[in-house]
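J.: Please read through the structure below; I'll follow up with questions.
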Amino acid sequence: PVLLLSPSRLSVVGPSGGGPQTYMEQENDWDRDLLLDPAWEKQQRKTFTAWCNSHLRKAGTQIENIEEDFRDGLKLMLLLEVISGERLPKPERGKMRVHKINNVNKALDFIASKGVKLVSIGAEEIVDGNAKMTLGMIWTIILRFAIQDISVEETSAKEGLLLWCQRKTAPYKNVNVQNFHISWKDGLAFNALIHRHRPDLIDYDSLRKDDPVTNLNNAFEVAEKHLDIPKMLDAEDIVNTARPDEKAIMTYVSSFYHAFSGAQKAETAANRICKVLAVNQENEQMMEDYEKLASDLLEWIRRTIPWLQNRTQEKTVNDMQAKQEDFRDYRCVHKPPKVQEKCQLEISFNTLQTKLRLSNRPAFMPSEGRMVSNINGAWHTLEGAEKGYEEWILSEIRRLERLEHLAEKFHQKAAIHEAWTDGKEAMLTQKEPDTTTLSEIKALLRKHEAFESDLAAHQDRVEQIAAIAQELNELDYYDSANVNARCQKICDQWNVLGALTQSRKESLKNKEKQLESIDELYLEYAKRAAPFNNWMESAMEDLQDMFIVHNIEEIQGLIAAHEQFKATLTEANEERKAIQAIQANVPKIAQSNNITLTGSNPYTTITSENIDEKWAKVFELVPRRDTALQDELNKQNSNDELRAKFASQANKVGAYIKAKMEEIGRISIEMNGTLEDQLTNLKDYQDSIVSYTPEINTLEGYHQLIQEALVFDNKYTPYTMEHLRVSWEQLLTTIARTINEVENQILTRDAKGISQEQLYEYRTSFNHFDKVRASEPSRLDFGVPFVSVNPVLFGCQGDAEFGRIMSIVDPNGTGAVTFQAFIDFMSRETTDTDTADQVIASFKILAGDKNFITAEELRRELPPDQAEYCIARMAPYTGPDAVAGALDYMSFSTALYGESDL
């Protein structure tokens with residue numbers, strides 16, 4: 001394979017003196033060390049020779065061999081004089097090599113003086129007949145004098161020429177110009193260019209895509225005969241090459257461009273109209289998009305706020321946690337896209353207003369209720385409802401958790417009490433037989449005294465049950481009715497037991513006067529065993545009692561209380577041994593006194609075995625309680641670690657957001673370089689900030705763990721998740737707004753034709769007199785920069801003129817000027833902009849100086865979509881010279897600058 005070589009690497013200094021700029025793309029660079037494709041070299045030789053001769057013939061000469069005939073530099077200098085219209089230094093007529101080199105150097109110096117920086121092309125190579133370097137030099141000349149000045153819309157040189165070809169051939173079937181090689185192989189594009197400008201010379205409908213040689217020859221012959229464009233290529237050169245030489249085709253096509261340059265006046269008018277219509281169409285679309293996006297966002301807020309304001313209470317913690325999960329899903333899934341939509345809405349609104357100002361259109365006023373301020377107000381209401389909803393969920397979870405704990409505790413204590421009272425009424429109402437002995441009566445009396453002691457010990461539990469029921473009522477427990485009913489039953493039964501106990505005591509006391517024998521040892525055992533038994537039951541109850549804590553201090557308090565309880569076990573064990581000793585003394589005393597025991601202790605049902613069993617149970621429950629308290633301590637330590645993790649991440653994220661907010665404030669003031677550089681840097685900066693999102697997500701993960709653990713306070717950080725979310729969204733919005741401001745400045749610069757140097761001068765002057773850099777936009781000290789930027793335009797005007805200027809840039813009379821208003825005014829005063837009169841003049845050119853235009857003329861001169869846009873909106877023309885189908889372009893043009901919704 002061989003490589004095609006392109007012209008030498010070079011750059012051009014534009015004729016405006018604006019500094020070096022890249023003239024050709026890298027793919028067009030020449031490399032002197034590579035080989036030249038023979039087929040392309042042949043095409044370049046033929047095309048470049050024909051192009052040179054088309055100009056040299058004006059001086060009465062021509063060339064035959066491109067690398068030989070330019071070696072002495074004479075015809076090269078002549079060619080440059082013809083195409084430039086300028087005189088070059090007098091050539092040297094000597095035949096020596098040095099004379100030839102001097103002549104070629106004069107030609108090369110002239111080329112360089114036109115802003116072309118020649119690289120790798122030297123006079124010696126041209127004098128030596130180096131074909132590659134000679135072709136490269138001629139291509140450089142063609143670029144500079146035939147292609148560089150081509151300008152279509154906002155493109156120039158190669159891109160402008162390509163756009164011109166695309167515009168001209170767009171209506172033709174089988175033509176799709178995308179480049180300067182393959183798109184021209186079938187010859188239809190050449191014929192379409194001719195037919196577009198001279199339809200009398202070409203019968204385009206008779207051409208066939210499958211006959212490229214005929215098509216090419218037809219176009220080349222017609223161009224040479226009728227358009228004075230010399231034949232620069234043979235049809236076979238193009239058809240028999242897989243990829244025709246791009247430079248040869250560009251050179252040939254540029255000749256067509258210059259041949260038809262007389263038609264450019266109408267095209268320029270069409271371009272102006274297209275530009276104005278495109279702006280109007282784009283603005284209308286942006287208005288529709290804003291209205292729809294604003295409506296959708298407001299509708300979403302309207303649907304969401306009632307959901308956040310719903311305070312319907314649930315019955316269980318699980319139900320409330322389900323609501324909490326729904327809220328977290330809303331926060332992490334549904335809301336973030338809406339935050340982006342809100343930010344995009346503000347950016348779209350600002351961009352639209354800027355574009356309307358730049359195109360002299362009235363400002364956009366959204367329909368009622370869809371202003372940015374309306375959206376901000378609705379958003380503020382949404383966030384307020386959101387904050388209140390989250391606080392309500394957390395408080396409800398705590399309330400329901402407390403209720404479930406109390407309800408469980410109530411039913412546990414009630415069950416223990418009901419088990420104790422079972423059968424007590426029957427015991428208190430039983431009647432003693434008449435044959436009861438005195439000892440039996442005394443035993444019954446002592447037993448009853450022990451029962452009274454037991455009854456008094458249970459008074460505390462009954463009071464606890466009633467207190468818990470009362471608290472459940474106050475906290476609005478959903479099953480309060482059943483709790484109250486059970487509590488009332490227990491209280492009523494307790495009152496009955498009290499009355500029965502008193503009645504039985506009185507009965508036994510009456511009989512006590514008759515029966516005086518009693519076993520003191522049984523009685524003493526019963527008196528001491530009953531309280532000890534009750535103490536053990538209470539201890540077991542406490543050891544099995546449920547507990548709930550929220551921090552380390554609370555669990556440490558429970559652990560301390562438990563340790564105090566364990567410290568009493570030694571003393572309690574001594575009491576147990578003393579009680580057991582009393583019981584052990586009973587058979588000894590009975591035996592010593594020849595007393596026959598007939599059964600168990602008549603005064604109590606509590607046996608030594610019962611005490612030992614319960615004492616063993618207490619010792620079994622103590623380590624369980626130790627484990628439960630230690631597990632809870634571990635849980636609280638874990639919660640404290642969660643607090644510390646969240647706090648560490650929150651403090652880091654908070655400091656990062658604060659630093660970035662201060663940094664973006666400085667960046668927005670101190671930005672240097674071109675606006676494109678600033679925009680690139682800002683977007684890179686935005687990407688770096690967005691890349692911090694995983695840190696935010698990590699923090700959200702910690703926050704979720706804390707909420708799932710029901711942790712409600714954090715002493716390690718002043719930050720809350722809500723505060724950091726709002727700050728993060730504010731940071732993202734601020735950088736997006738800063739980027740949008742630079743984009744709007746680019747729109748202003750491009751639309752007004754402001755150079756980079758002018759924009760820099762405006763910004764420097766504005767910043768010098770800038771007095772306020774707080775949360776509001778940059779503001780300018782009253783009027784001074786206008787004089788500093790342009791003393792001729794503003795410095796010598798009177799008070800009346802200065803008042804006129806300030807009424808434009810400061811319509812509200814605040815005494816301050818924003819930067820956007822400043823550059824809008826400066827560009828409007830110093831640059832040319834499209835006006836209604838200019839658009840009317842452009843339509844008049846397309847209409848052939850008529851006061852109306854027809855649909856056929858619009859479709860011929862404008863792109864299809866813009867032509868139909870005008871036809872649909874233009875009113876019929878009713879003037880005295882009207883014809884069928886006449887349209888009124890004057891009122892249409894005026895409406896473009898008066899009403900934005902045509």
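The values are calculated or read from the model by the stated rules, or taken from the named source; none is laboratory data. Computed from a predicted model, the values in this text were never measured in an experiment. Positions of Cβ are backbone-derived with ideal geometry, glycine not excepted, and every protein chain shown enters the neighbour counts. Ligands, DNA and RNA are excluded from the accessible area calculation, which covers all protein heavy atoms including side chains. Shrake-Rupley method; radii C 1.70, N 1.55, O 1.52, S 1.80 Å.
J.: Under 9 Å by Cβ, and 6 or more places apart or on different chains, what pairs join a residue from the range 147-163 that is more than 16 Å from Pro863 (Cβ to Cβ) and among the small types (Gly, Ala, Ser) with one that is part of a strand (DSSP E or B) and modelled with pLDDT under 80?
T.: Going by the 9 Å Cβ cut-off, the qualifying pairs are Ala157/Ser151; Gly160/Ser151; Gly160/Val152.
J.: Report yes if Leu679 is aliphatic (A, V, I, L, M) and under 30 Å from Asn318 (Cβ atoms), otherwise no. Explain how you work it out, then say what you get.
T.: Numbers: aliphatic (A, V, I, L, M): yes; under 30 Å from Asn318 (Cβ atoms): no.
No.
J.: Turning to a different aspect of this structure: How many residues does the range 76-119 contain that are under 15 Å from Ala59 (Cβ atoms), β-branched (Val, Ile, Thr) and open to solvent by 60 Å² or more (accessible area, probe 1.4 Å)?
T.: Step one: list which residues in the range 76-119 are under 15 Å from Ala59 (Cβ atoms), which gives 76-88, 91, 107.
Cutting the leftovers down to β-branched (Val, Ile, Thr) gives us 82-83.
Retained after the next criterion (residues that are open to solvent by 60 Å² or more (accessible area, probe 1.4 Å)): none.
So the count comes out to 0.
J.: I'd like to verify a number: residues in the range 130-173 that are over 22 Å from Trp184 (Cα atoms) and open to solvent by 10 Å² or more (accessible area, probe 1.4 Å), how many?
T.: 8
J.: While we're on this one: Mind checking which residues of the range 684-721 are under 14 Å from the mean Cα position of the chain (by Cα) and acidic (Asp, Glu)?
T.: Within the range 684-721, Asp687 is the sole residue that qualifies.
J.: Further, regarding this structure: Quick test of your reading of the structure: Thr717 fulfils all but one of (1) assigned to a helix (DSSP H, G or I); (2) touching a helix residue (DSSP H, G or I) at 6+ places or on another chain (Cβ under 8 Å). Name the failing condition by number.
T.: Among (1) assigned to a helix (DSSP H, G or I); (2) touching a helix residue (DSSP H, G or I) at 6+ places or on another chain (Cβ under 8 Å), Thr717 violates only (1).
J.: Would you point out the residue of the range 524-574, among those that are under 55 Å from the mean Cα position of the chain (by Cα) and polar (S, T, N, Q), that is nearest to Ala443 (Cα to Cα)?
T.: Here the residue is Gln544.
J.: Suppose we filter the range 338-370 for residues that are open to solvent by 60 Å² or more (accessible area, probe 1.4 Å) and farther than 25 Å from Phe825 by Cβ; how many remain?
T.: The number of residues fulfilling the criteria is 4.
J.: Could you list, in sequence order, all residues of the range 242-269 that are modelled with pLDDT of 90 or more and in a loop (DSSP other than H, G, I, E, B)?
T.: Scanning the range 242-269 gives Arg243, Pro244, Asp245.
J.: Modelled with pLDDT of 85 or more and outside the structural domain of Thr693 (by the TED database) - does that describe any residue in the range 581-597?
T.: yes
For every residue, the table says whether it meets (1) open to solvent by less than 60 Å² (accessible area, probe 1.4 Å); (2) in the same structural domain as Ile548 (by the TED database); (3) over 22 Å from Gln324 (Cα atoms).
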residue: Ala650; (1), (2), (3): yes, no, no
residue: Val653; (1), (2), (3): yes, no, yes
residue: Glu663; (1), (2), (3): yes, no, yes
residue: Glu676; (1), (2), (3): no, no, yes
residue: Leu682; (1), (2), (3): yes, no, yes
residue: Ile696; (1), (2), (3): yes, no, no
residue: Gly701; (1), (2), (3): yes, no, no
residue: Val711; (1), (2), (3): yes, no, no
residue: Asn714; (1), (2), (3): yes, no, no
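J.: If you check Lys771 against the conditions, is it open to solvent by 50 Å² or more (accessible area, probe 1.4 Å) and modelled with pLDDT of 80 or more?
T.: no
J.: For the range 67-76, indicate whether the set of residues that are aromatic (Phe, Trp, Tyr), closer than 30 Å to Asp37 by Cα and under 60 Å from the mean Cα position of the chain (by Cα) is non-empty.
T.: No, the range 67-76 contains no residue that is aromatic (Phe, Trp, Tyr), closer than 30 Å to Asp37 by Cα and under 60 Å from the mean Cα position of the chain (by Cα).
J.: Whether any residue in the range 721-742 is in the same structural domain as Ile669 (by the TED database), assigned to a loop (DSSP other than H, G, I, E, B) and surrounded by fewer than 19 Cβ atoms within 10 Å (Cβ to Cβ) is what I want to check.
T.: For the range 721-742, residues in the same structural domain as Ile669 (by the TED database), assigned to a loop (DSSP other than H, G, I, E, B) and surrounded by fewer than 19 Cβ atoms within 10 Å (Cβ to Cβ): absent.
J.: Out of Asp228, Asp200, Asp205, I need the residue that is assigned by the TED database to the domain that holds Ile141, part of a helix (DSSP H, G or I) and open to solvent by 50 Å² or more (accessible area, probe 1.4 Å). Which one?
T.: Working: Asp228 fails: part of a helix (DSSP H, G or I); Asp200 fails: part of a helix (DSSP H, G or I).
It is Asp205.
J.: In the range 453-507, what residues are surrounded by 17 or more Cβ atoms within 10 Å (Cβ to Cβ) and part of a loop (DSSP other than H, G, I, E, B)?
T.: Once the filter is applied, which keeps residues that are surrounded by 17 or more Cβ atoms within 10 Å (Cβ to Cβ) and part of a loop (DSSP other than H, G, I, E, B), the range 453-507 yields only Tyr477.
J.: From the list Gly73, Gly60, Gly122, exactly one residue is open to solvent by 10 Å² or more (accessible area, probe 1.4 Å), of a type in the set (Gly, Ala, Ser) and at pLDDT 90 or above. Which is it?
T.: Details: Gly73 fails: open to solvent by 10 Å² or more (accessible area, probe 1.4 Å); Gly122 fails: at pLDDT 90 or above.
Answer to the check: Gly60.
J.: Something else: If I go through the range 252-263 residue by residue, how many of them are hydroxyl-bearing (Ser, Thr, Tyr) and out of contact with any Leu (no Cβ under 9 Å at 6 or more places or on another chain)?
T.: Result for the range 252-263: 1.
J.: Considering each residue of the range 875-886, count those that are at pLDDT 90 or above, among the aliphatic types (A, V, I, L, M) and open to solvent by 20 Å² or more (accessible area, probe 1.4 Å), and give that number.
T.: Within the range 875-886, residues that are at pLDDT 90 or above, among the aliphatic types (A, V, I, L, M) and open to solvent by 20 Å² or more (accessible area, probe 1.4 Å) number 1.
J.: Criterion first (open to solvent by less than 60 Å² (accessible area, probe 1.4 Å), touching a Lys or Arg at 6+ places or on another chain (Cβ under 9 Å) and modelled with pLDDT of 85 or more) does Asn573 satisfy it?
T.: On the way: open to solvent by less than 60 Å² (accessible area, probe 1.4 Å): yes; touching a Lys or Arg at 6+ places or on another chain (Cβ under 9 Å): no; modelled with pLDDT of 85 or more: yes.
Spelling it out, it is not the case that Asn573 is open to solvent by less than 60 Å² (accessible area, probe 1.4 Å), touching a Lys or Arg at 6+ places or on another chain (Cβ under 9 Å) and modelled with pLDDT of 85 or more.
J.: Sticking with this one: Does Ala426 count as assigned to a helix (DSSP H, G or I) and touching a helix residue (DSSP H, G or I) at 6+ places or on another chain (Cβ under 7 Å)?
T.: Details: assigned to a helix (DSSP H, G or I): yes; touching a helix residue (DSSP H, G or I) at 6+ places or on another chain (Cβ under 7 Å): no.
No.
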